[in-house]
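Each value in this text was obtained by applying a stated rule to the coordinates, not by laboratory testing. Just so we're clear, the structure is a prediction, and the values are computed from it rather than from any experiment. Reconstructed Cβ throughout: ideal geometry from the backbone, glycine too, with neighbour counts over all protein chains shown.
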């Protein structure tokens, strides 16, 4: 385990925040200092949220959660409506193999 170096950590955070504010993705910002990614991540996530709030952008998490639930419900209903014959038909491109 490496020794904690406040100056290097501060510089890494400054660099990552600057890149994030210039439009770099979170993954790219973290990849610059992979050894500090675990420490940088919470700060970068906070910075993203604060920036979104400052520009009046809503937090997408609740919207995405609702969409995920709807998607899973629709997928579940499709699974329960399928019969063994319909699965066979789908595999053969819609043609019934028994005729």
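Listing for the model above:
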item	result
When the stretch 6-54 is reduced to its Cα atoms, the Kirkwood hydrodynamic radius in Å	10.6 Å
Residue order, fewest to most beta carbons within 10 Å, for 21, 36	21, 36
